[in-house]
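Notes to accompany the following structure.
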Amino acid sequence: MKTALIAGCLSLAALWGCGQTAQRHAEAAAVHAAHADEDEDDEDDEERPVALADVPRAVLDAAARVFPGATWLAAVVELEDGVTLYELYGLVDGDEVELEISADGEILEVERE
């Protein structure tokens, strides 16, 4: 489900002319799907898409500090070992970005492709 959501968002971003080709977005979505399948092997993990409007302010503020001016396309909330984490997916200056942030705003992982 997360992979389809992200792929759909990236396809929309390509149509909106964010400076990347649709092919590159499709390739990125495929890579992400491969990693998502690996993550699904963890029995303790539960993740689901979440509306950006429902992402806590602390998470959005932390994301804005890391990537000012980013266009956030999708978010996923995940319960990992009893800790709530948010993954945000977006675009910055034509680059695909991904952040993993704790519910209290601690940056755990940053990716930019």
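What follows is calculated from the coordinates using simple rules that are stated; it is not laboratory data. Because the structure is a prediction, the values reported are computed rather than measured. Cβ sites come from the backbone with ideal geometry, for glycine too, and all protein chains shown count toward neighbours.
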Inset, instruction - List, in order, the whole-Hz ³J(HN,Hα) value for each residue of the range 104-109 obtained from phi through the Karplus relation with A = 6.51, B = -1.76, C = 1.60 and θ = phi - 60°; use x for Gly and Pro. - result: 8, x, 7, 6, 10, 7
Inset, instruction - Would you mind computing, in nm to one decimal, how far apart the modelled labels at LEU52 and ALA64 are, each placed 7 Å from Cα along Cα→Cβ? - result: 1.3 nm
